[in-house]
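Chemist: Here it is, the structure, as C-alpha cells.
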Amino acid sequence: MTDSSKTATLTIDGTSYDLPLLSPTAGPNVIDIRKLYAQAGVFTYDPGYTSTASCDSTITYIDGAKGELLHRGYPIDQLAEKSHYLEVCYLLLYDNLPTAAELEAFEATITRHTMIHEQMHNFFRGFRRDAHPMATMVGVVGAMSAFYHDSTDISDPRQREIASHRMIAKMPTIAAMAYKYSIGQPFVYPRNDLDYASNFLHMCFAVPAEQYEVDPILSRAMDRIFILHADHEQNASTSTVRLASSSGANPFACIAAGIACLWGPAHGGANQACLEMLKEIGSVDRIPEFIARAKDKDDPFRLMGFGHRVYKNFDPRAKVMKQSADEVLDLLGIENNPVLQVAKELEKQALDDPYFAEKKLFPNVDFYSGIILEAMGFPTSMFTPIFALSRTVGWISQWKEQLSDPAHKIGRPRQLYLGETAREYVDVEDR
Ligand code: SDX
C-alpha cells in the first residue's frame with residue numbers, strides 16, 4: 001500500500017517534511033500524516049472529516065462523482081438485482097461470495113440465532129408504550145452484553161464471530177418487538193421456516209388471532225431495502241462504532257452507539273424526516289414554497305432525502321429504491337398515494353432547479369425508502385429502526401475488520417484550541 005517512491009512534501013517556516021503517499025486500489029491517494037506531529041509539531045484540522053481517511057478498509061468503496069457503490073468489489077445494483085440480504089451479509093463478513101454449501105450453513109446459523117433471551121422481553125416493558133422505537137433499540141441492544149456475555153471477549157475470534165451472528169440474527173426480532181410494543185400488540189416469535197425478510201415482516205404484521213401470509217413481492221422489496229442499507233464506508237454511525245470499538249468496548253455496546261448516532265435526521269433519521277416533510281408539503285402546488293425555503297440561506301430548512309456528503313451524483317441506491325417503490329405501489333394499488341405524487345413532483349422540480357444541480361444535491365437512499373416503508377404499513381417511527389437493522393452487518397463487518405488489525409489503537413483526535421491560556425483562580429469575593 002505504501003509506495004516509498006511517492007511522497008508529499010510539506011514546507012513550514014522554510015523546513016520541508018516528506019510525508020508518504022499511500023496508493024489505494026481505488027479512489028484518491030492518501031497522505032500518511034501519522035508522524036506529522038512528531039516531525040513538525042503541527043496538527044491537521046478537518047472537522048467533519050471531509051478530507052480525512054480514518055482507517056484503511058477492504059469492505060466498501062464509493063465513487064461519489066460516478067455514483068458508484070461496491071461491496072467487496074461487487075456493484076450495489078448487481079447485488080440488489082441478483083443477491084439477497086443474507087448472502088450480502090456473508091460477503092461483507094467474509095470477503096467473498098459464498099459457495100452454495102457455505103451459504104446454506106451461514107443461513108442455518110443465522111436462522112437459529114433469531115430468538116432473544118426470554119428474560120429480555122421484560123426489558124421492553126420498562127419503556128413507555130409511546131417511546132420511539134430507536135430509544136428501545138438503543139437500550140435493548142446495549143443490554144445484550146448483560147445476556148450474552150459469553151460472546152463479549154473481543155480478543156477471541158470465535159467469540160467475535162458468535163457476537164456477529166447474534167447481532168445479524170437478532171436485530172429483526174428486536175426491531176419487530178419494539179414495533180409490536182409501541183402498538184400494544186403481543187410479540188410474535190421468529191419462524192425458522194421463513195427467509196430473513198419474510199420473517200421480519202411476519203414478526204411485525206402477524207397477530208396470534210389469525211394466519212398472516214407474507215406477500216413475496218413485499219418480502220423481496222424488504223430484502224432489497226436491507227441490501228441497500230447494509231454498509232456505506234466510514235459514515236457517521238460506522239465511524240462511531242469504530243471509535244467505540246477502539247477502546248475495547250464489547251460488540252453490543254459498540255452497535256448500540258452506532259444505533260444512537262444513526263438516529264439523527266442528518267443521517268439515518270432522514271427517511272423519517274423525509275416522509276414527515278412530504279406530508280407537511282401535502283400537495284404538489286406547495287412544492288415551490290418548500291424548494292424556495294431549501295434554497296434560502298437564512299432558512300435552516302433542508303430537503304430531507306436530498307444531498308449527500310460523498311455522492312455528488314445520483315445515489316446508486318436511490319435508483320434501485322425508486323424501482324422498488326414503483327413495484328410496491330403498483331402491487332398495493334396506491335399509485336394515487338398523495339405522498340408519492342408529492343415525492344415524484346418534488347424530485348422532478350428539484351432536479352430541474354439550478355440550485356440543486358450546482359450544489360450536486362440529488363435524491364439519496366432515504367428519499368424513496370420512506371415511501372416504500374409507509375406503503376408497507378410501517379409508521380414513520382419504524383423507518384430508522386429498519387435502517388439500523390440493515391446496517392448492523394456493516395457496523396459488525398467494520399468492527400471485525402478493525403479488531404483483526406493488530407496495529408489498531410484507541411482513536412483519540414486532537415483539537416484546534418481557541419480557549420483561554422493559563423490564568424490564576426480568583427476568589428468569589430474578588431470577582
Ligand atoms: C445518509 O454518510 C453516509 O454514507 C450516510 C448514508 C449511509 O448510508 O450511511 O448515505 C445515509 O445519512 C444519507 C443522507 C441523509 N440525510 C438527509 O437526507 C438530510 C438532508 N441532507 C443534508 O442534511 C446534507 O445533504 C447532508 C448532511 C446529507 C450532507 O451534508 P454535507 O455534505 O455536510 O454538505 P453541506 O451540509 O455542507 O451542504 C453543502 C451545501 C450547503 O450550501 P452552502 O453552505 O454551500 O451554500 O448544500 C446545501 C447546504 O446548505 N445543502 C442542502 C441540502 N443538503 C446540502 N440544501 C438544501 N437541501 C438539502 N438537503
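Where a number appears in this text, it was derived from the coordinates with a stated rule and is not lab data. Note that this is a predicted model, so its numbers are computed, not measured. Ideal geometry is used to build each Cβ from the backbone, glycine not excepted, and the neighbour counts take in all protein chains shown.
Chemist: What does the highest-first list of 296-304, 108-116, 269-277, 170-178 look like by mean Cβ count within 10 Å?
Modeler: 170-178, 269-277, 108-116, 296-304
Chemist: Over the range 7-53, what is the relative contact order in percent, taking alpha-carbon pairs closer than 8 angstrom and at least six residues apart?
Modeler: With pairs under 8 Å counted, the relative contact order is 24 percent.
Chemist: Check Leu22: other-chain or 5+ apart residues with amide H under 5 Å from its amide H, H built from backbone geometry?
Modeler: Answer set, sorted by chain and number: Val30, Ile31, Asp32.
Chemist: Next question. Out of Tyr90, Tyr417, Tyr189, any idea which swings most in a Gaussian network model of the chain, alpha carbons joined below 10 Å?
Modeler: Tyr417
Chemist: Can you give the three extents of the C-alpha atoms in the chain along their principal axes, from longest to shortest, in whole Å?
Modeler: That works out to 77, 64, 57 Å along the principal axes.
Chemist: Please list the non-local residues whose amide H lies under 5 Å from the amide H of Asn364, H modeled 1.01 Å from N, same-chain partners needing a gap of 5 or more.
Modeler: Placed amide hydrogens put Phe306, Gly307 under 5 Å from Asn364.
Chemist: Run the reach check for Lys312 against aspartates and glutamates, Cα to Cα strictly under 13 Å, same-chain hits fewer than 8 apart removed. What comes back?
Modeler: Leaving aside aspartates and glutamates fewer than 8 places away in the same chain, those within reach of Lys312 are Asp63, Glu68, Glu358.
Chemist: Which of Glu87, Glu102, Glu210 ends up with the largest GNM mean-square fluctuation for the chain, with Cα atoms connected below 10 Å?
Modeler: The residue that fluctuates most here is Glu210.
Chemist: Give me the net charge for the shell around Pro265: Cβ to Cβ below 12 angstrom, other residues only, Lys and Arg +1, Asp and Glu -1.
Modeler: -1
Chemist: Using a basic spin-label model with each label point 7 Å from the Cα along Cα→Cβ, how many nm lie between Ser54 and Phe187?
Modeler: In this crude label model, Ser54 to Phe187 measures out at 3.2 nm.
Chemist: Decide, for the range 7-53, between rounded, prolate and oblate: order the square roots of the alpha carbon gyration tensor eigenvalues as a ≥ b ≥ c, take rounded if a/c falls under 1.5, and otherwise choose prolate if a/b is larger than b/c, else oblate.
Modeler: In terms of gyration-tensor shape, oblate.
Chemist: When the Karplus curve 6.51 cos²θ - 1.76 cosθ + 1.60 is applied with θ = phi - 60°, which whole-Hz ³J(HN,Hα) does each residue of the range 32-42 get, with x for Gly and Pro?
Modeler: Couplings: 7, 9, 4, 9, 4, 5, 5, 7, 10, x, 10 Hz.
Chemist: What ranking, highest mean first, results for peptides 222-232, 29-39, 420-430 when packing means the other Cβ atoms within 10 Å averaged over each residue?
Modeler: 222-232, 29-39, 420-430
Chemist: Do any of Lys66/Lys400; Lys279/Lys319; Lys66/Lys359; Lys295/Lys319; Lys66/Lys344 go past 26 Å between their Cα atoms, and which?
Modeler: Lys66/Lys400
Chemist: Residue by residue through the range 282-288, which ³J(HN,Hα) values in whole Hz follow from phi under the Karplus form 6.51 cos²θ - 1.76 cosθ + 1.60 (θ = phi - 60°), with glycine and proline marked x?
Modeler: Residue by residue, the range 282-288 yields x, 8, 4, 6, 9, 4, x Hz.
Chemist: Among Gly307, Gly27, Gly268, determine the one that fluctuates most according to a GNM of the chain built with springs between C-alpha atoms less than 10 Å apart.
Modeler: Among Gly307, Gly27, Gly268, the largest mean-square fluctuation in the Gaussian network model of the chain belongs to Gly27.
Chemist: Would you please give the residues with an amide H less than 5 Å from that of Tyr17, counting only those at least 5 places away or on a separate chain, with H modeled from the backbone geometry?
Modeler: For Tyr17, whose amide H was placed from the backbone, the distant partners under 5 Å are Leu10, Thr11, Ile12.
Chemist: While we're looking at this one, here's another question. How would the range 304-385 be classified by its alpha-carbon gyration tensor: rounded, prolate or oblate, with rounded meaning a/c under 1.5 and the a/b versus b/c comparison settling the rest?
Modeler: In terms of gyration-tensor shape, prolate.
Chemist: Counting pairs of alpha carbon atoms under 8 Å apart in space and at least six apart in sequence, what relative contact order in percent does the chain give?
Modeler: 19 percent
Chemist: Separate question: Through the Karplus equation 6.51 cos²θ - 1.76 cosθ + 1.60, θ set to phi - 60°, convert the phi angles of the range 142-150 into ³J(HN,Hα) values in whole Hz; use x for Gly and Pro.
Modeler: x, 6, 4, 5, 7, 10, 10, 5, 7
Chemist: Beta carbons within 10 angstrom, averaged per residue: use that to sort the peptides 131-139, 93-101, highest first.
Modeler: 131-139, 93-101
Chemist: Considering only DSSP states other than H, G, I, E and B, which trypsin sites (Lys or Arg not before Pro) in the range 307-351 qualify as loop sites with at most 16 other Cβ atoms within 10 Å?
Modeler: For trypsin sites (Lys or Arg not before Pro) across the range 307-351 that sit outside H, G, I, E and B with at most 16 neighbouring Cβ atoms in 10 Å, the list reads Arg309, Lys312.
Chemist: Taking the Cα-to-Cβ direction at Ser247 and at His113 and moving 7 Å from each Cα, how far apart do the two end points lie in nm?
Modeler: For Ser247 paired with His113, the spin-label model returns 2.5 nm.
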